[in-house]
Amino acid sequence: MHLVEAVGVTKDYAHGKMALPALRGISLELSSGEFAALAGPSGSGKTTLLNLIGCLDSPTSGKLTVAGTDVQTSSPTTLARLRRERLGFVFQTYNLVPVLTAYENVELPLVLLGRKRDASTRAAVMSILSEVGLEGLETRLPSDLSGGQQQRVAIARALVKQPALVLADEPTANLDSDNARAILDLMSHLNSVKGVTFLFSTHDQLVMEYARRIVSLRDGKIVNDERR
């Protein structure tokens, strides 16, 4: 079974009495362990497709299955559970809770899953903070961390619950080139060593250099699917 399977997926947005197509018949399969990027210019549909796969929106037509769940026919409660339990998200703006420390931001997904704040939870949080290179910084607030460090916290937060798939929307957009490369080195390492599945939405050439599969979109359609 594929981790993601899209067949003839479309997405229209209402504009007055008109329907504006954002995706036009997308068919795509993503397997566990991939390190893939959705690429294309603004308006190509890459972020729309990432949002559909992340169950943040639903298709207008077609069939989309994510981690064994049919996105179109599932209830909002089922989709919320899928996002909470099986998907991790990394955004270009980090989206950290400003009043929580690095440790507390990473711990939050486990708390939302009902995990007790016990020794095993602390061990899980401290382990992933160490893996992303933030050991010793766990008590700092986001405002006391650099952009690259904040993005590492966001990655740790996405990974701490061991999701089936991590979705990263322009994760290097707010980083300088050195920090962007360091973040991509980290993600590539986690993919190669731990088998974490990543799907990016990007127009950053650096991300495309790292990706081992590039799905190129234009005008809501897939125009190329290149594996390396």
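The values are calculated or read from the model by the stated rules, or taken from the named source; none is laboratory data. Computed from a prediction, not measured in an experiment: that's the story for all the values here. Positions of Cβ are backbone-derived with ideal geometry, glycine not excepted, and every protein chain shown enters the neighbour counts.
Looking across VAL66, VAL90, VAL99, one residue alone is of a type in the set (Val, Ile, Thr), modelled with pLDDT of 95 or more and within 19 Å of the chain's Cα centre (by Cα). It is VAL66. Considering region 170-194, the residues that are crowded, with 17+ Cβ neighbours inside 10 Å and in contact (Cβ under 8 Å) with a residue 60 or more places away in the chain include one that is farthest from ALA67 (Cα to Cα), namely THR172. Just to be sure, is VAL111 out of contact with any strand residue (DSSP E or B) (no Cβ under 7 Å at 6 or more places or on another chain), assigned to a helix (DSSP H, G or I) and crowded, with 21+ Cβ neighbours inside 10 Å? Taking the combined requirement at face value, the residue does not satisfy it.
Set side by side, the residues LEU134, LEU167, LEU145 differ, and just one is crowded, with 21+ Cβ neighbours inside 10 Å and farther than 30 Å from LEU52 by Cα, which is LEU134. All of (1) acidic (Asp, Glu); (2) more than 16 Å from the chain's Cα centre (by Cα); (3) over 25 Å from ARG218 (Cβ atoms) hold for ASP12 with one exception: (3).
What are the residues in region 207-224 that are outside any helix (DSSP H, G or I) and under 18 Å from GLY33 (Cα atoms), if any? Before you say what the answer is, go through the steps one by one.
To start, the set of residues in region 207-224 that are outside any helix (DSSP H, G or I) comprises 211-224.
Correct list: ALA211, ARG212, ARG213, ILE214, VAL215.
Taken together, the criteria exclude ALA180 from residues that are outside any loop (DSSP other than H, G, I, E, B), closer than 23 Å to GLU138 by Cβ and of a type in the set (A, V, I, L, M). Of the residues making up region 114-133, those that are part of a helix (DSSP H, G or I) and either touching a residue at least 24 places away in the same chain (Cβ under 8 Å) or aromatic (Phe, Trp, Tyr) (or both) are ALA124, VAL125, ILE128, LEU129, GLU131. The residue that is surrounded by the most Cβ atoms within 10 Å (Cβ to Cβ), among those in region 195-228 that are more than 19 Å from LEU87 (Cβ to Cβ) and hydroxyl-bearing (Ser, Thr, Tyr), is TYR210.
With respect to ALA168, determine if the residue is of a type in the set (Gly, Ala, Ser), assigned to a helix (DSSP H, G or I), under 29 Å from ARG117 (Cβ atoms) and touching a Phe, Trp or Tyr at 6+ places or on another chain (Cβ under 9 Å).
In short, no.
Just one of (1) modelled with pLDDT of 95 or more; (2) surrounded by fewer than 19 Cβ atoms within 10 Å (Cβ to Cβ); (3) not in a strand (DSSP E or B) fails for ARG84. It is (1). Just one of (1) of a type outside the set (Ser, Thr, Tyr); (2) more than 16 Å from the chain's Cα centre (by Cα); (3) crowded, with 19+ Cβ neighbours inside 10 Å fails for GLN151. It is (2).
For region 97-107, the criterion of being in contact (Cβ under 8 Å) with a residue 60 or more places away in the chain, outside any loop (DSSP other than H, G, I, E, B) and out of contact with any Phe, Trp or Tyr (no Cβ under 7 Å at 6 or more places or on another chain) is met by no residue.
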